[in-house]
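Inspection log for the structure reproduced underneath, given as structure tokens.
Throughout, read-outs are computed from the coordinates displayed, never taken from laboratory work. Every value quoted in this text rests on a predicted model; they were computed, and no experiment measured them. Neighbour counts run over all protein chains shown; Cβ positions are idealised from the backbone, glycine included.
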Amino acid sequence: MTVRADNRQVLYFEDLSVGDCWVSCARTVTEADVVNFARLTGDFNPLHVDSEYARQTPFGRPIAHGLLGLSFMAGLASTAPAVSTVALLRIIQWKFLQPIFFGDTIRVETKVVDKQPSGRRRGRVLWHQRVINQHGQVVQEGKLETLVMGQFSPPRQPR
């Protein structure tokens with residue numbers, strides 16, 4: 001089953017099936033994104049923020065931080081699919097396969113790999129996610145596990 005990115009219906013554990021796939025909307029990575037990420041994290045490695053330095057690298061130009069790509073994956077995938085997520089439990093594996101350049105437009109493909117009930121009102125979901133650029137190249141990919149609420153879970157009471 002493929003669900004388009006504009007489908008905003010929130011899905012619960014019971015709604016997910018192994019093999020379900022989604023594709024997110026696309027986002028263009030800008031120089032401002034990279035500079036803001038550098039400011040936020042303190043990572044001013046010249047590979048990301050110095051065009052003259054980056055020209056001397058194998059990439060020939062500045063590239064986005066790998067963790068910025070991972071962060072974009074989290075944001076883009078949060079609505080494709082929109083899931084009643086309780087928590088990110090773990091990143092099982094993540095590979096940085098190709099650089100993300102300023103001006104690249106990326107999207108995320110998400111697939112349910114496995115799901116297991118965890119208690120009466122929620123379950124663990126294993127996802128395979130791929131960050132793909134405008135050329136169809138997979139630039140990052142990996143597996144993550146989240147805890148997802150069941151449809152009939154009562155709302156949490158404030159403490």
Query - Of all DSSP beta bridges in the chain, antiparallel share, percent nearest 5 - result: 90 percent
Requested in this report: For the range 2-149, build the charge dipole from Cβ charges (+1 Lys, Arg; -1 Asp, Glu) around the Cα centre, then report which of SER71, TYR12, ASN133 sits farthest towards its positive end.
Outcome: TYR12
Report task. Only Cα pairs under 8 Å and at least 6 apart count here; give the relative contact order of the range 2-149 as a rounded whole percent. Result -> 30 percent
Report summary line: For the pair ALA74 and PHE59, the simple spin-label estimate (label points 7 Å beyond Cα toward Cβ) gives in nm 2.0 nm
**Report entry** Efficiency of FRET between GLN116 and VAL35 - r from beta-carbon atoms, R0 41 angstrom, step 0.05
**Finding:** 0.50
Report task. Note down the nm distance, to one decimal, between modelled labels 7 Å out along Cα→Cβ at GLU52 and at THR28. Result -> 2.8 nm
Query raised in the report: Comparing GLN129, GLN140, GLN98, which has the greatest mean-square fluctuation in the GNM of the chain with Cα pairs linked when under 10 Å apart?
Result: GLN98
Report summary line: Expected sort for PHE101, PHE72, PHE44 with the fewest Cβ neighbours (10 Å cutoff) up front is PHE44, PHE101, PHE72
